[in-house]
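Notes to accompany the following structure.
The values are calculated or read from the model by the stated rules, or taken from the named source; none is laboratory data. Owing to the predicted nature of the structure, the values given are computational and were not obtained by experimental measurement. So basically every Cβ, Gly included, is an ideal-geometry build from the backbone, and we count neighbours across all protein chains shown.
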Amino acid sequence: MPLRIEDYAVIGNGETVALVGRDGSIDWLCLPRFDSSACFCALLGSPEHGRWLIAPAQNDIRITRRYFGDTLILETIFTTASGSASLIDFMYRRDGASELVRIVRGLQGQVSMRTELIVRFDYGSIVPWVSQQEDGRLQFIAGPDRLLLDSPVPTHGEDLRTVGDFTVGEGEEASFVLNWSPSFRAAPPPLSGAELGEARKQVDSYWTGWATAFKPPERWGDAVLRSLLTLKALAHWETGGIVAAGTTSLPEKLGGPRNWDYRYCWLRDATFTLYALIGAGFLDEAKAWHEWLLRAAAGAPDDLQIVYGVAGERRLEEYEIPWLPGYEGSAPVRIGNGAVKQLQLDVYGEVLDAFYVARCAGLSTSEATWALERALISHLEKIWREPDEGIWEVRGGPRHFTHSKVMAWVAFDRAVRSIEEFGLDGPVERWRDTRSSIHQEVCERGYDPKQDAFIQSFGDATLDASLLLIPIVGFLPPDDPRVQGTVAAIERTLLRDGFVMRYDTGAGVDGLPPGEGAFLACSFWLVDNYVLLGRDDEASALFERLLALRNEVGLLAEQYDPHGRRQLGNFPQAFSHLALINSAHSLNTTKGAAHLRSGGGGSAPVQPGPRAGADKTSSGRIGRSPGRAQ
């Protein structure tokens, strides 16, 4: 059985990520790209579906782990009765090939170790042909995929596994390099000992150098930087696309069918991403994401999708894999995402808001960008009154979701502001009228006076945590009684042990069996609402409770189960880490994302500084020093 989700850490090379368990087993790896098929798939099944274990051969092991400094180089320390050893894991990229490097170092005494490599291409379904090459490397090959294992440790075949036993003493080292490259190309040469050392230095230098651009907030700087490093790990080095998570089908409820493929790029993340990156000082990444967004959204406006592939691919057909039982029996395992065919009106608002933020930050001055925005707005004029599947991508049929209409308002608002503030050309009076019409309809049909709250969809009394975004996007000011009533209603009905559920899954809106964890991004949105309402102590307290949910290397999944006290959903989750970054900035400065997006302090994200009255001596403040691990 795989470990708990929070017992994994992530390593990556800007093209893909691997999940490394506390037990030294890599249980998930897709090659060569985030959304390629997996060669290690034990996460969604058993070891027979592919994994790579390196760990002490004995039981009764004490385990600690950390990242080296501001990097994605992971160290796991195993302490046994006979000694201790360090396992260092990182990924590398060279000449079109991916390298997975694992180095075992003896720290004290003698430690007997074992490696067990089970390669299963195509999501655990294909057993490769294994052969030893002239240079001594083991080759695993099937169709277009090839892996080459290079190690001084002797290995042998055993029940379709590659296993080896070895011992490390103090100061001794054993290295393993697993290389992926297309089988139809010449195999890349093995790394020499010196080249392996240089690879480690380059990876360390890359991550450490990237982190130097970070502009830390007054408090929680280490937590924010680790979230930014995680976001960078989910970003493709060449396309600029940022995937929503590194995995597919990790369940939102154990044993249930709420299992989705998140290895793609959602337009909904666009504005959250720009605020997080720009506010932290990473302008190059913000520009790359903005350019990816432009390419993905290009084309006929009625063809706009809500999700795309890493390079902007449009065909993401969803299918199920019957041979995988799913994480802890949570079936089905899905590849692709059927939501790609849904109408979700809110993405128009997110895209137009992202373009507006980019313009305010000086990232975009292109006339072609404005032409695309005008085309999108013109199409939205025709369809904003239609029902849709909404932000949560429900499969219970379209409705008039209140949040979707609010975000349609955002689209027209940002288009109008672009004309007013930047002198762009467009039918501003008509768009003002449409903006006013949407606002009126939402306030009339999306608000329930009996509950003193905005509701999930017109004519339905169900509450929804997405309505916490109403003041954040500037639809209504935070001191509006309807906003305050909505926050109070969500506190009454959607809080579970202090964390926010998305909505009542038993109401039948999503067409699935009820039950899921608290949605972490929604909980951070409640933090933002507290900030906007001036409830600073409550905001800081909730934020610190959310930080405590991270695992020991600073990572978050999509959801948290308050009863089982464990993380749920795909991992690591960009949406959760984006929300963490933006909430931290809003807690630290009046120029944070919540203030800026709500219209209370300008529009362009800036370097976070202390908020008026911020507690500079808070225990939440974490200093940052070179070489210190998160």
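Some values worked out for this structure:
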read-out: Test: residue in the stretch 337-344 that is assigned to a loop (DSSP other than H, G, I, E, B), surrounded by fewer than 19 Cβ atoms within 10 Å (Cβ to Cβ) and touching a strand residue (DSSP E or B) at 6+ places or on another chain (Cβ under 6 Å); value: yes
read-out: Residue list for the stretch 283-298, filter: surrounded by 19 or more Cβ atoms within 10 Å (Cβ to Cβ) and either touching a Gly at 6+ places or on another chain (Cβ under 7 Å) or on the phi > 0 side of the Ramachandran plot (or both); value: A288, W289, W292, A296
read-out: R315 crowded, with 21+ Cβ neighbours inside 10 Å, basic (K, R) and farther than 18 Å from Y123 by Cβ; value: no
read-out: Residue satisfying all of: in the stretch 207-218; crowded, with 19+ Cβ neighbours inside 10 Å and either modelled with pLDDT under 95 or hydroxyl-bearing (S, T, Y) (or both); farthest from V101 (Cα to Cα) among these; value: E218
read-out: Residues of the stretch 16-72 classified as assigned to a loop (DSSP other than H, G, I, E, B) and among the charged types (D, E, K, R), total; value: 6
read-out: Which numbered condition E381 fails, given (1) out of contact with any helix residue (DSSP H, G or I) (no Cβ under 7 Å at 6 or more places or on another chain); (2) closer than 19 Å to S436 by Cβ; (3) among the charged types (D, E, K, R); value: (1)
read-out: Some residue of the stretch 379-394 being in a helix (DSSP H, G or I), among the hydrophobic types (A, V, I, L, M, F, W, C) and either in the same structural domain as K253 (by TED's automatic domain parsing) or out of contact with any strand residue (DSSP E or B) (no Cβ under 9 Å at 6 or more places or on another chain) (or both); value: yes
read-out: Test: residue in the stretch 191-199 that is assigned to a loop (DSSP other than H, G, I, E, B), not small (G, A, S) and not assigned by TED's automatic domain parsing to the domain that holds D284; value: yes
read-out: Helices (runs of 4 or more DSSP H) lying entirely in the stretch 512-610 (those with 3 or more residues that are modelled with pLDDT under 95 and of a type in the set (A, V, I, L, M)); value: 593-598
read-out: Only one of L533, L542 that is buried (at least 20 other Cβ atoms within 10 Å of the Cβ), aliphatic (A, V, I, L, M) and touching a residue at least 24 places away in the same chain (Cβ under 8 Å); value: L542
read-out: Residue tally, condition in a strand (DSSP E or B) and on the phi > 0 side of the Ramachandran plot, over the stretch 73-96; value: 1
read-out: The stretch 36-76 - residue that is touching a Lys or Arg at 6+ places or on another chain (Cβ under 7 Å) and β-branched (V, I, T) and, of those, nearest to I335 (Cα to Cα); value: I54
read-out: Any hit, the stretch 368-376, residues being under 23 Å from D269 (Cβ atoms) and crowded, with 23+ Cβ neighbours inside 10 Å; value: yes
read-out: Single match in V177, V163 (criterion: of a type in the set (V, I, T), in contact with a strand residue (DSSP E or B) (Cβ under 9 Å, 6 or more places away or on another chain) and within 22 Å of G96 (Cα to Cα)); value: V177
read-out: Tally of residues being in contact (Cβ under 8 Å) with a residue 12 or more places away in the chain, at negative phi and in a helix (DSSP H, G or I) across the stretch 299-333; value: 3
read-out: Filtered residues of the stretch 75-100 (kept if in contact (Cβ under 8 Å) with a residue 60 or more places away in the chain, over 23 Å from L225 (Cα atoms) and surrounded by 21 or more Cβ atoms within 10 Å (Cβ to Cβ)); value: A85, L87, S98, E99, L100
read-out: Unmet requirement for G534, which otherwise passes all of (1) over 20 Å from I472 (Cα atoms); (2) out of contact with any helix residue (DSSP H, G or I) (no Cβ under 9 Å at 6 or more places or on another chain); value: (1)
read-out: Selection within the stretch 458-496 - out of contact with any His (no Cβ under 8 Å at 6 or more places or on another chain), in a loop (DSSP other than H, G, I, E, B) and either among the aliphatic types (A, V, I, L, M) or surrounded by fewer than 15 Cβ atoms within 10 Å (Cβ to Cβ) (or both); value: A461, L463, V473, L476, P477, D479, D480, L494
read-out: Total residues in the stretch 36-74, condition charged (D, E, K, R), surrounded by 24 or more Cβ atoms within 10 Å (Cβ to Cβ) and either touching a Gly at 6+ places or on another chain (Cβ under 7 Å) or within 17 Å of R4 (Cβ to Cβ) (or both); value: 1
read-out: Yes/no for L228 being over 30 Å from T589 (Cα atoms), out of contact with any Asp or Glu (no Cβ under 8 Å at 6 or more places or on another chain), outside the structural domain of T16 (by TED's automatic domain parsing) and not in a loop (DSSP other than H, G, I, E, B); value: no
read-out: Odd one out for F412 among (1) buried (at least 23 other Cβ atoms within 10 Å of the Cβ); (2) at pLDDT below 95; value: (2)
read-out: Given (1) touching a strand residue (DSSP E or B) at 6+ places or on another chain (Cβ under 9 Å); (2) closer than 24 Å to A411 by Cβ, number of the condition A489 does not satisfy; value: (2)
read-out: Test: residue in the stretch 262-279 that is modelled with pLDDT under 95, more than 16 Å from the chain's Cα centre (by Cα) and hydrophobic (A, V, I, L, M, F, W, C); value: yes
read-out: D452 vs. criteria at pLDDT below 95, surrounded by fewer than 23 Cβ atoms within 10 Å (Cβ to Cβ) and not aliphatic (A, V, I, L, M); value: no
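Here is a yes/no grid of residues against (1) touching a strand residue (DSSP E or B) at 6+ places or on another chain (Cβ under 6 Å); (2) in contact (Cβ under 8 Å) with a residue 40 or more places away in the chain; (3) farther than 23 Å from A142 by Cα:
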site	(1), (2), (3)
A9	yes, yes, yes
L43	yes, yes, no
L53	yes, yes, no
I61	yes, no, yes
